[in-house]
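What follows is a short report on a single structure.
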Amino acid sequence: MIALQTIEAAVSCNTCAAKCCRLEVMLITDTGVPLRFIQTDDWGSETMARSDDGWCAALDRSTMGCSIYENRPLICREFEMGGPDCIEERAA
């Protein structure tokens, strides 16, 4: 439990490692994601495009922030920094 508390305390905008930006993001609603960041997977579903190294194509590497924050997908909006899913990804 101490390890999780340490991780939770360390999660902030200044210490975010953008771990969630390496997860597959399905586009299930229209939030205005620019077309250049959308790809279609093998099953015909729209997902966020990824760079060759696996990071989300919308990730600004200089700030490690989302370059389309105002138009980010619903899944990204619901992925709460410091929330249970975030803590789990950071611990992995």
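The values are calculated or read from the model by the stated rules, or taken from the named source; none is laboratory data. Computed from a prediction, not measured in an experiment: that's the story for all the values here. When we count neighbours, we look across all protein chains shown, and the Cβ atoms used for this are built from the backbone with ideal geometry, even at glycine.
Would you pick out the residues in the stretch 60-76 that are over 10 Å from the mean Cα position of the chain (by Cα) and among the aliphatic types (A, V, I, L, M)?
Those that are over 10 Å from the mean Cα position of the chain (by Cα) and among the aliphatic types (A, V, I, L, M): M64, I68, L74.
Go through (1) modelled with pLDDT of 95 or more; (2) outside any helix (DSSP H, G or I) and name the single condition R36 misses.
Of (1) modelled with pLDDT of 95 or more; (2) outside any helix (DSSP H, G or I), only one is false for R36: (2).
Only residues in the stretch 55-81 that are without any contact (Cβ under 8 Å) to a residue 24 or more places away in the chain and under 14 Å from V25 (Cα atoms) count as the first member; pair them with residues that are surrounded by fewer than 15 Cβ atoms within 10 Å (Cβ to Cβ) and of a type in the set (G, A, S), Cβ under 7 angstrom, at least 6 apart or cross-chain, and list the lot.
These pairs meet every condition: A57/S51.
So C16 fits all but one of (1) modelled with pLDDT under 90; (2) outside any loop (DSSP other than H, G, I, E, B); what number is the exception?
So C16 meets the others, but not (2).
Consider T40 against the criteria (1) β-branched (V, I, T); (2) over 14 Å from the mean Cα position of the chain (by Cα); (3) surrounded by 12 or more Cβ atoms within 10 Å (Cβ to Cβ): it satisfies all of them except one. Which criterion is unmet?
Among (1) β-branched (V, I, T); (2) over 14 Å from the mean Cα position of the chain (by Cα); (3) surrounded by 12 or more Cβ atoms within 10 Å (Cβ to Cβ), T40 violates only (3).
(1) at pLDDT 90 or above; (2) farther than 17 Å from E88 by Cβ; (3) surrounded by fewer than 15 Cβ atoms within 10 Å (Cβ to Cβ): which one isn't true of E24, the others all being true?
Exception for E24: condition (2).
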